[in-house]
1. Restricting attention to the range 109-131, and to residues there that are surrounded by 13 or more Cβ atoms within 10 Å (Cβ to Cβ) and among the acidic types (Asp, Glu), which single residue is nearest to VAL35 (Cα to Cα)?
2. Looking at the structure I just gave you, is ILE85 surrounded by 14 or more Cβ atoms within 10 Å (Cβ to Cβ), touching a Leu at 6+ places or on another chain (Cβ under 7 Å) and either at pLDDT below 90 or closer than 23 Å to TYR59 by Cα (or both)?
3. Would you pick out the residues in the range 106-126 that are over 18 Å from THR71 (Cα atoms) and either within 15 Å of the chain's Cα centre (by Cα) or part of a helix (DSSP H, G or I) (or both)?
4. If you go through the range 138-151 one residue at a time, do you hit one that is free of Cβ contacts under 8 Å to residues at least 60 places away in the same chain and buried (at least 16 other Cβ atoms within 10 Å of the Cβ)?
5. Just to verify a result, which residue in the range 42-56, among those that are assigned to a loop (DSSP other than H, G, I, E, B) and touching a residue at least 40 places away in the same chain (Cβ under 8 Å), is surrounded by the most Cβ atoms within 10 Å (Cβ to Cβ)?
6. Has the range 128-151 got any residue that is touching a strand residue (DSSP E or B) at 6+ places or on another chain (Cβ under 9 Å) and farther than 30 Å from GLU14 by Cβ?
7. Looking only at residues in the range 64-82 that are over 21 Å from ILE41 (Cβ atoms) and in contact with a helix residue (DSSP H, G or I) (Cβ under 7 Å, 6 or more places away or on another chain), which one is surrounded by the most Cβ atoms within 10 Å (Cβ to Cβ)?
8. Which one is nearest to LEU37 (Cα to Cα) among residues in the range 132-151 that are more than 13 Å from the chain's Cα centre (by Cα) and assigned to a strand (DSSP E or B)?
Amino acid sequence: MRIAINNSKLDISEIDTTKKLAGDFINHLKKGSFVCLYGEIGVGKTTFVKHFINTYQIYKNLEISEVTSPTFSLMNEYVIGELVIKHYDLYRLKSKSEIKNLDLFDIDKNTITFIEWPELVDKKKLINNVDLIFSYENNLDNRFIKISGLT
């Protein structure tokens, strides 16, 4: 599967398509990247991150982690060899001031950071930023993803 760039939209209604896209995404992200995930509850944001992490673990011949939503913990961290993947869920935050204590803007060349519900984030502080916009269509029967910022 070719990664969609320049605001192309892909149908990810089938879980195998989501899994394949997440796996292909590994080859296009730079260490130090921030990935902002937009979309309604249940549209597939955490599922995408799960498949990204698990595919990377398989690639490195490591044990598969259980990847869950960090809605209540705000951040889950996964160490995969030399790479650290931080997975934030900012759904419960109400103001920009709450972000200050999360170390969200710490730039580490060996980290990829996924941020669900990034609406409160000052994106000017994010380097190598990619946006993933998830959406439902056809009365919630189909799910789509639009990718922007990927070079």
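The values are calculated or read from the model by the stated rules, or taken from the named source; none is laboratory data. For clarity, every value in this text was computed on a predicted model and none was experimentally measured. As a convention, Cβ positions derive from the backbone with ideal geometry for all residues, glycine included, and neighbour counts pool all protein chains shown.
1. The qualifying residue nearest to VAL35 (Cα to Cα) is ASP131.
2. On the way: surrounded by 14 or more Cβ atoms within 10 Å (Cβ to Cβ): yes; touching a Leu at 6+ places or on another chain (Cβ under 7 Å): no; either at pLDDT below 90 or closer than 23 Å to TYR59 by Cα (or both): yes.
No; evaluated as a whole, the condition is false for this residue.
3. In the first step, residues of the range 106-126 are kept if they are over 18 Å from THR71 (Cα atoms); the result is 106-112, 122-126.
Passing the criteria: THR111, ILE112, LYS123, LYS124, LYS125, LEU126.
4. yes
5. Initially, the range 42-56 is screened for residues assigned to a loop (DSSP other than H, G, I, E, B), giving 42-44.
Restricting the remaining residues to those that are touching a residue at least 40 places away in the same chain (Cβ under 8 Å) gives 43-44.
Numbers: VAL43: 20, GLY44: 24.
This residue is GLY44.
6. No: zero hits.
7. Across the range 64-82, the extreme among qualifying residues is TYR78.
8. SER135
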